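One structure follows; several queries about it will come next.
The values are calculated or read from the model by the stated rules, or taken from the named source; none is laboratory data. If you're wondering where the values come from, they're calculated on a predicted model, not measured in any experiment. Note: ideal-geometry Cβ built from the backbone for every residue, glycine included; neighbour counts use all protein chains shown. For the accessible areas, the whole protein counts, side chains as well, though only heavy atoms, and no ligand, DNA or RNA atoms are used. Shrake-Rupley method; radii C 1.70, N 1.55, O 1.52, S 1.80 Å.
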Amino acid sequence: MAASVLTNSSAMVALQTLRTTNRTLETVNNQISTGKKIASAKDGAAVFAISKVMESDVAGFKAVSDSLSLGSATVSVAANATNALNDLLNEIKGKVVGANESNVDRSKLNDELGSLRDQISSIVSAAQFNGLNLLSNTDVVESGATVSYANIALNTGSADVDVLSSLDRSSGGSVSTSQISVTKQDLGTQTGAAGGLTLAAAAITAAGTATALGAANATYTINGEQATAGRTADVMAGDGYSFDMTTFVGSNTTATGSVIYVARDGDTEADIAAALTDRINFELADQGAGLADDFTVSVSSNVITVTNNTATALGASAAGDMTLTGGGTVSGGLELLGEIDISTEDGAAAGLAAIEGLIQSTIDSQAALGTAQKRVDLQNDFMSTLIDSFKEGIGALVDADLEEASARLQAVQVQQQLGIQALSIANQAPQNILALFR
């Protein structure tokens, strides 16, 4: 190549090499200082975009984990309360069993029972976390609103509380959430009261004669209904089913009064039939005079069957024995507890049968809440593992290998020094031309 003072090819090559080395050194320095090989979109747009989506999901997973922790704490409060309620009901059972002994002071036992009952009400009221009580389900209408089917706040067939459990991203990029449903376990002791809203007659079907001669049956089918304007479900919170106890004309006496069950949020026709059957049997036993022997009241699904065991034809059709209204005060799951009075022999006998059902209700609630809490806790553990897995995946995509970076740094520094030396030598080449003109 011809020597020239205008064009120094060697210097240009050396300069380009030095520039490349300097860019490589800058890249290595950035990796060391940031710890990332993909710190911005210019370092690798595709990988950078994937990592940012994954980082967004991690932020969402952390929010889900917080939600699960809140849900677990809420369910834990309710579960601990049901454990306490079960202990108190077992203590009440001891009082009821004791009252069935002839030589006891039943009035004193009844006073103790009343105190334990008040404590149960107190526990149910206090069993809330951040304002949510999984053991109380009493609201029917919006605060301050006129009672109507249009503003019944609770019930379209579900008494579930949803706990945010996951963030799901499809292959197409759309994002959705999933929930774990925790069903309320109503263990309130409040007494239901009928409302003033009317329902169509088809809500109840009555057939047969409850007081016909010997082993005759009357049936009452709980149908529910949506024919009435404004109703959105067959069974709505506040639906009150009232049964006339004077239907029961026994061998020695006629039953008095009536029993009522007001549906809670999430109740079905079968739930109502079972609750009414329990209340009817309790009243028959509580009123004594052999009424519980004269009549057998049973339930199958949504059908209540009354069998007359007396030997006398007493007439009377089943039609009209049960009435139904809407918009009432919701019954508590432990409502029968308020009816137990063990100050009398008949009351003690009736209480013994009733307390078993109440204890079973709390046991069912313990099982349901325990199952829900375990599922929430398992999901929370999984979410923690999932977050770690995503972080590892993001690291594999964008984190720099610092061992490699350290080795490259030393090599590139040497290359930089050699490049500077080479450029210096190349820049001296034109000086050699001066020697030709001396």
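Criterion first (closer than 30 Å to Ala84 by Cβ, modelled with pLDDT under 85, in contact with a Gly (Cβ under 7 Å, 6 or more places away or on another chain) and crowded, with 23+ Cβ neighbours inside 10 Å) does Gly327 satisfy it?
Numbers: closer than 30 Å to Ala84 by Cβ: no; modelled with pLDDT under 85: yes; in contact with a Gly (Cβ under 7 Å, 6 or more places away or on another chain): yes; crowded, with 23+ Cβ neighbours inside 10 Å: yes.
Judged against the criteria, Gly327 is not a match.
One residue is enough: does region 150-164 have a residue meeting the conditions at pLDDT 75 or above and over 18 Å from the mean Cα position of the chain (by Cα)?
Of the residues in region 150-164, the ones at pLDDT 75 or above are 161-164.
Next, only the ones that are over 18 Å from the mean Cα position of the chain (by Cα) stay: none.
Within region 150-164, none of the residues are at pLDDT 75 or above and over 18 Å from the mean Cα position of the chain (by Cα).
Turning to a different aspect of this structure: Across region 252-268, which residue is nearest to Ser242 (Cα to Cα) among those that are buried (at least 19 other Cβ atoms within 10 Å of the Cβ) and not β-branched (Val, Ile, Thr)? So that I can check it myself, show each step before the final result.
Let us first name the residues in region 252-268 that are buried (at least 19 other Cβ atoms within 10 Å of the Cβ), namely 255, 259-267.
Now restrict to residues that are not β-branched (Val, Ile, Thr): 255, 261, 263-267.
Values: Ala255: 15, Tyr261: 7, Ala263: 11, Arg264: 15, Asp265: 18, Gly266: 19, Asp267: 16 Å.
Per the criteria, the residue is Tyr261.
Confirm whether Ser361 is farther than 30 Å from Ser40 by Cβ, in a helix (DSSP H, G or I) and touching a Gly at 6+ places or on another chain (Cβ under 7 Å). Please lay out each step first, then the result.
On the way: farther than 30 Å from Ser40 by Cβ: yes; in a helix (DSSP H, G or I): yes; touching a Gly at 6+ places or on another chain (Cβ under 7 Å): yes.
Yes: the conditions hold for Ser361.
Name the residue that is modelled with the lowest pLDDT, counting only residues in region 240-295 that are of a type in the set (Asp, Glu) and more than 17 Å from Ile204 (Cα to Cα).
In this case the residue turns out to be Asp265.
So which residues in region 104-135 are of a type in the set (Lys, Arg) and open to solvent by 70 Å² or more (accessible area, probe 1.4 Å), if there are any at all?
Step one: list which residues in region 104-135 are of a type in the set (Lys, Arg), which gives 106, 108, 117.
Within region 104-135, Lys108 is the sole residue that qualifies.
OK, next. Can you run down the residue pairs with Cβ atoms below 9 Å, 6 or more apart or on separate chains, where the first is in region 380-394 and surrounded by 14 or more Cβ atoms within 10 Å (Cβ to Cβ) and the partner is among the acidic types (Asp, Glu) and modelled with pLDDT of 90 or more?
none
If you check Leu386 against the conditions, is it among the aliphatic types (A, V, I, L, M) and over 28 Å from Gly240 (Cα atoms)? Reasoning before the result, please.
On the way: among the aliphatic types (A, V, I, L, M): yes; over 28 Å from Gly240 (Cα atoms): yes.
The answer is yes for Leu386.
Does region 206-224 hold any residues that are of a type outside the set (Phe, Trp, Tyr) and at pLDDT 80 or above, and which are they? Working first, answer last.
Step one: list which residues in region 206-224 are of a type outside the set (Phe, Trp, Tyr), which gives 206-219, 221-224.
Scanning region 206-224 gives Ala218, Thr219, Thr221, Ile222, Asn223, Gly224.
Do we find that Asp57 is surrounded by fewer than 14 Cβ atoms within 10 Å (Cβ to Cβ), in a helix (DSSP H, G or I) and among the acidic types (Asp, Glu) in this structure?
Values: surrounded by fewer than 14 Cβ atoms within 10 Å (Cβ to Cβ): no; in a helix (DSSP H, G or I): yes; among the acidic types (Asp, Glu): yes.
No, not satisfied.
Might you let me know whether region 375-395 holds any residue that is of a type in the set (Gly, Ala, Ser) and at positive phi? Steps first, please.
Step one: list which residues in region 375-395 are of a type in the set (Gly, Ala, Ser), which gives 384, 389, 393, 395.
With at positive phi added as a condition, the list becomes none.
For region 375-395, residues of a type in the set (Gly, Ala, Ser) and at positive phi: absent.
Which of the residues spanning region 5-21 are polar (S, T, N, Q), open to solvent by less than 60 Å² (accessible area, probe 1.4 Å) and assigned to a helix (DSSP H, G or I)? Explain how you work it out, then say what you get.
The first filter runs over region 5-21 and keeps only residues polar (S, T, N, Q), leaving 7-10, 16-17, 20-21.
With open to solvent by less than 60 Å² (accessible area, probe 1.4 Å) added as a condition, the list becomes 8-9, 21.
Hits for region 5-21 are Ser9, Thr21.
Return a yes/no flag: does region 381-397 have any residue that is more than 30 Å from Leu70 (Cβ to Cβ) and within 32 Å of the chain's Cα centre (by Cα).
So the first thing to find is which residues in region 381-397 are more than 30 Å from Leu70 (Cβ to Cβ), and the list is 396-397.
This time we only want the ones that are within 32 Å of the chain's Cα centre (by Cα), so: none.
Among the residues of region 381-397, not one is more than 30 Å from Leu70 (Cβ to Cβ) and within 32 Å of the chain's Cα centre (by Cα), which makes the answer no.
Right, next: Give just the number: which of (1) more than 23 Å from Gln360 (Cβ to Cβ); (2) open to solvent by 40 Å² or more (accessible area, probe 1.4 Å); (3) touching a strand residue (DSSP E or B) at 6+ places or on another chain (Cβ under 7 Å) does Asp234 not satisfy?
Just one mismatch for Asp234, condition (3).
Moving to a separate point now. Test each condition in (1) touching a residue at least 12 places away in the same chain (Cβ under 8 Å); (2) open to solvent by 30 Å² or more (accessible area, probe 1.4 Å); (3) touching a helix residue (DSSP H, G or I) at 6+ places or on another chain (Cβ under 9 Å) for Thr34 and report the one that comes out false.
Only one criterion in (1) touching a residue at least 12 places away in the same chain (Cβ under 8 Å); (2) open to solvent by 30 Å² or more (accessible area, probe 1.4 Å); (3) touching a helix residue (DSSP H, G or I) at 6+ places or on another chain (Cβ under 9 Å) is unmet by Thr34, namely (3).
I need a count of the residues in region 92-103 that are in contact with an Asp or Glu (Cβ under 9 Å, 6 or more places away or on another chain) and open to solvent by 10 Å² or more (accessible area, probe 1.4 Å). Outline the logic, then answer.
Let us first name the residues in region 92-103 that are in contact with an Asp or Glu (Cβ under 9 Å, 6 or more places away or on another chain), namely 92-93, 95, 99-100, 102.
Subset that is open to solvent by 10 Å² or more (accessible area, probe 1.4 Å): 93, 95, 100, 102.
Looking only at that region, the number is 4.
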